[in-house]
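Since the structure comes first, as structure tokens, the remarks are kept for the end.
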Amino acid sequence: MQGLDDLLRYHNFSDLQRTQIEALGALYPEWNDKINVISRRDIDNLYINHVLHSLAIATFLGEVAPGTTFMDLGTGGGFPGIPLAIAYPEARFHLVDRIGKKLRVAADIAEKIGLRNVTFQHGDSGECRERFDYVVSRAVMPLDQLVKAAVHCVAPGRRTDNKYDNGIICLKGGDIDAESRGVQFPVIEFPISEFYTEPFFETKKLIYVPVAASKKKH
């Protein structure tokens with residue numbers, strides 16, 4: 001599938017990680033024929049538009065401490081959670097979605113590629129009592145709504161050796177000024193075109209909301 005070689009140029013994966021990434025190119029189209037987890041017009045762009053896009057969060061965070069915890073809120077078929085779980089085998093990922101059939105796709109793919117650092121929850125953030133170092137999300141809802149839904153799931157402080165304070169990290173496109181106005185925490189934008197050169201990323205942004213640092217001030 002196109003885009004795999006371009007993706008691997010950006011990330012220095014082990015042999016196991018490469019095998020897991022390569023397996024996605026067969027598993028997602030197979031599932032997509034049954035359940036539309038990715039636009040059928042876009043499935044040929046899986047590696048750039050979905051996998052590499054998800055991995056922008058890993059490019060931003062850099063190395064994370066073993067045991068770092070992530071919630072993927074609104075994971076759908078497993079984005080960004082599954083690519084990130086491949087990239088961070090010593091971290092732990094909890095993938096949450098309200099649509100059970102999409103969550104089953106993510107769970108099946110995780111099992112087939114041998115991911116052992118992921119768990120799944122059918123529901124929403126309000127039903128989760130655990131707190132995480134980072135809540136990640138990919139174009140699930142407007143930013144102000146996302147922060148409201150996710151803020152209680154962010155643990156205070158920062159795990160030793162992590163570069164960034166605990167918080168919310170999401171992938172968005174276009175202008176988010178209107179979405180940011182109701183957010184009571186700092187909103188920091190990073191153009192993904194600074195990470196990756198493919199045209200798809202020209203309008204894409206990574207948004208970091210450092211919730212933990214702000215909580216300390218209150």
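A short reminder: the numbers here are calculations on the coordinates, not readings from a lab. This structure is a prediction, so every number in the text was calculated from the model and none was measured. Glycine also receives a Cβ, built like all others from the backbone with ideal geometry; neighbour counts cover every protein chain displayed.
Could you please rank Thr119, Thr68, Thr59, Thr75, placing first whichever residue has the fewest other Cβ atoms within 10 Å of its Cβ?
Details: Thr119 13, Thr68 20, Thr59 17, Thr75 28.
By the 10 Å Cβ count, ascending: Thr119, Thr59, Thr68, Thr75.
With the cut-off at 1.5 for a/c, could you classify the range 4-217 from its C-alpha gyration tensor as rounded, prolate or oblate? Please list the in-between numbers first.
Details: a/c = 1.40, a/b = 1.33, b/c = 1.05.
The shape class here is rounded.
Could you tell me which residue out of Val154, Ile35, Leu115 lies farthest along the dipole of the chain toward its positive end? Charges go on the beta carbon: Lys and Arg +1, Asp and Glu -1, centred on the Cα centre.
Selected residue: Val154.
So, counting K/R as plus one and D/E as minus one, what does the shell of residues with Cβ under 12 Å around Asn162 add up to? The partial results should precede the final answer.
Values: positive: Arg158, Arg159, Lys163; negative: Glu63, Asp133, Asp161, Asp165.
Overall, the nearby charge balance is -1.
Mean-square fluctuation check for the chain, GNM, Cα pairs under 10 Å: which of Ile188, Ile57, Ile82 is largest?
Comparing Ile188, Ile57, Ile82 in the GNM, the peak value goes to Ile188.
Looking at this model, which pairs from Lys102/Lys204; Lys112/Lys148; Lys34/Lys163; Lys101/Lys163 are more than 31 angstrom apart at the alpha-carbon?
Details: Lys102/Lys204 24 Å; Lys112/Lys148 34 Å; Lys34/Lys163 40 Å; Lys101/Lys163 35 Å.
As for pairs spanning more than 31 Å Cα to Cα, those are Lys112/Lys148; Lys34/Lys163; Lys101/Lys163.
In the neighborhood of Asn117, defined by Cβ-to-Cβ distances under 11 Å, what is the net charge if each Lys or Arg adds +1 and each Asp or Glu adds -1?
Working: positive: Arg92, Arg116; negative: Glu90.
Neighbourhood net charge equals +1.
How large is the charge dipole for the range 60-218, taken about the Cα centre, if only the Cβ atoms of Lys, Arg (+1) and Asp, Glu (-1) carry charge, to the nearest 20 debye?
460 debye
Rounded to the nearest 5, what % of DSSP beta bridges with both residues in the range 4-217 are antiparallel? All intermediate terms of the calculation are to be shown ahead of the outcome.
Details: 10 of 29 bridges.
Just about 35 percent of them are antiparallel.
Between the range 1-74 and the range 128-163, what is the C-alpha centre distance in whole Å?
21 Å
Per DSSP H run of at least 4 residues, take -39500 (n - 2.57); add these up for the chain, divide by its residues and hand me the 222 nm value, nearest 500 deg cm²/dmol. Spell out each step's value before the answer.
Values: 8 runs with 73 residues, N = 218.
That comes out to -9500 deg cm²/dmol.
Can you sort Lys34, Lys204 so the residue with the fewest Cβ neighbours within 10 Å comes first?
Going from sparsest to densest Cβ surroundings: Lys34, Lys204.
With +1 on each Lys and Arg Cβ and -1 on each Asp and Glu Cβ, and nothing else charged, work out how big the dipole of the range 1-106 is about its Cα centre, in Debye to the nearest 20.
Working: 10 positive and 12 negative charges, 94 e Å.
Dipole magnitude for the range 1-106 comes out near 440 debye.
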